[in-house]
Amino acid sequence: MNDRHTRGDGHGHGHRQHEHHDHPHPHPHSSRTRAAALRHRLAHVLTPHSHDSADKLDPAMEASARGMRALWVSLAVLGLTALVQAAVVTVSGSVALLGDSVHNAADALTAVPLGIAFVLGRRAATRRFTYGYGRAEDLAGLVIVLTIAGSAAFAAWTAVGRLLDPRPVTQLPAVAVAALTGFAGNEWVARYRIRVGREIGSAALVADGLHARTDGFTSLAVLVGAGGSALGWQAADPVVGLVITVAIVLVLRDAAREVFRRMLDAVDPALVDRAERAVRAVPGVREVGELRLRWIGHRLRAELSVVVDGESTLRQAHAVAVEAEHALLHAVPRLTAALVHADPAPAPGERDPHLALAHHLTA
């Protein structure tokens with residue numbers, strides 16, 4: 001088939017992002033299909049919407065804008081928290097609080113690579129970057145993971161140094177107040193980042209939120225260290241510094257797993273099942289073949305093949321592909337485009353139309 005959306009001459013060709021608000025394409029001539037088409041048109045009249053390229057871009061732009069707001073608000077809150085704690089460190093000499101304040105400062109600064117990634121993600125696709133720049137967000141997530149690792153190493157080095165060279169901690173009430181301030185600021189930022197990150201589908205922003213949540217609990221550990229110092233246990237402060245290091249390593253593990261899964265195109269298997277169910281329910285789809293989903297930043301793209309009636313005309317097969325993409329756009333959150341390849345149902349004794357590609361597929 002030589003239609004610009006659906007081709008039957010091999011893999012890798014299919015239905016592209018397109019305009020189909022009114023769906024003027026002919027559907028297969030069955031009563032079931034005609035009834036489904038009538039219901040679909042009524043739904044469009046009652047709940048107007050569109051899946052044009054421009055309409056898809058608007059939610060994506062809004063997602064990036066929300067991510068930017070979350071970053072800059074977080075930067076302000078964590079920056080202020082780190083300044084308060086640093087001021088107390090200078091008068092108290094608390095190693096645990098120093099580790100916490102440095103970690104908070106590093107967490108605030110992770111807004112910079114994420115902000116750059118969100119700005120890049122808004123740029124249109126080019127002939128070189130045909131999928132756009134959404135993957136910059138994954139690189140930002142990698143920078144965040146490396147930042148967490150660096151702060152863990154610094155906290156460990158400082159704590160071990162204080163264990164080898166013990167020093168008294170002064171201004172314990174101020175240390176306690178700074179610790180509570182750190183917990184409050186980090187927990188608020190964590191909730192905000194994780195909520196926005198999950199709503200817009202940004203693994204990097206979620207990882208950053210998990211990072212902030214761990215910072216909150218490490219601030220409480222500083223409070224425990226201040227209590228131990230008040231009771232006369234001089235090693236309490238550096239011991240708590242080591243505990244903070246362990247907590248940072250734990251969040252490093254979770255954040256790294258999330259970011260590297262995204263970089264390797266991992267998706268929730270339940271999302272794949274949901275997409276398959278939606279496509280199988282489309283009139284004219286006999287079977288769903290290979291279905292792939294991938295994240296590009298905080299947006300999803302799909303590639304799949306469907307089996308249609310072998311006697312269908314080009315226009316009829318195209319209409320089924322349109323409906324398959326339409327069903328996916330409604331069923332899969334944050335999906336912006338689907339590439340649908342229509343295969344004819346095999347007839348007895350018919351040669352496999354994809355046989356010419358076999359030597360490429362096994363290479």
> For Leu163 and Tyr131, what does the FRET efficiency come to when R0 = 51 Å and r is the distance between their Cβ atoms, rounded to the nearest 0.05?
Replying inline: 0.50
> Kirkwood hydrodynamic radius for the stretch 54-263: how many Å is it when counted over pairs of different Cα atoms?
Replying inline: 17.5
> How high is the relative contact order of the stretch 220-267, given as a whole-number percent (alpha carbon pairs under 8 Å, six or more residues apart)?
Replying inline: 27
>> Give me Rg/Rg_expected for the stretch 129-193, where Rg uses Cα atoms only and Rg_expected = 2.2 N^0.38 Å with N residues.
In response: 1.71
> What does the charge count near Val224 come to, summing +1 for each Lys or Arg and -1 for each Asp or Glu among other residues with Cβ under 14 Å from its Cβ?
Replying inline: -2
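Ranking Phe260, Phe118, Phe183 by Cβ neighbours within 10 Å, fewest first, what do you get?
Phe260, Phe183, Phe118
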> Under a plain spin-label model, where a point goes 7 Å from the Cα along Cα-to-Cβ, how far apart in nm are Arg292 and His359?
Replying inline: 2.3
> For Leu80 and Val272 in one chain, what is 0.36 nm times their gap in residues minus the Cα-Cα distance, to one decimal in nm?
Replying inline: 64.9 nm
>> List the GluC sites (Glu not before Pro) within the stretch 265-320 that DSSP assigns to loop and that have no more than 12 neighbouring Cβ atoms inside 10 Å.
In response: Glu311
> How long is the gain from Leu250 to Ala153 if the chain were fully straight, where each residue apart is worth 0.36 nm and the alpha carbon distance is subtracted?
Replying inline: 33.6 nm
>> Amide H of Ala342 versus every other amide H placed in the peptide plane: which residues, excluding those fewer than 5 positions away on the same chain, fall under 5 Å?
In response: Arg7, Val306
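Bear in mind these aren't lab numbers, they're just calculated from the coordinates by the rules spelled out. These numbers come from a predicted model, not from an experiment. Using ideal geometry, Cβ is built from the backbone for each residue, glycine included, and neighbour counts are taken over all protein chains shown.
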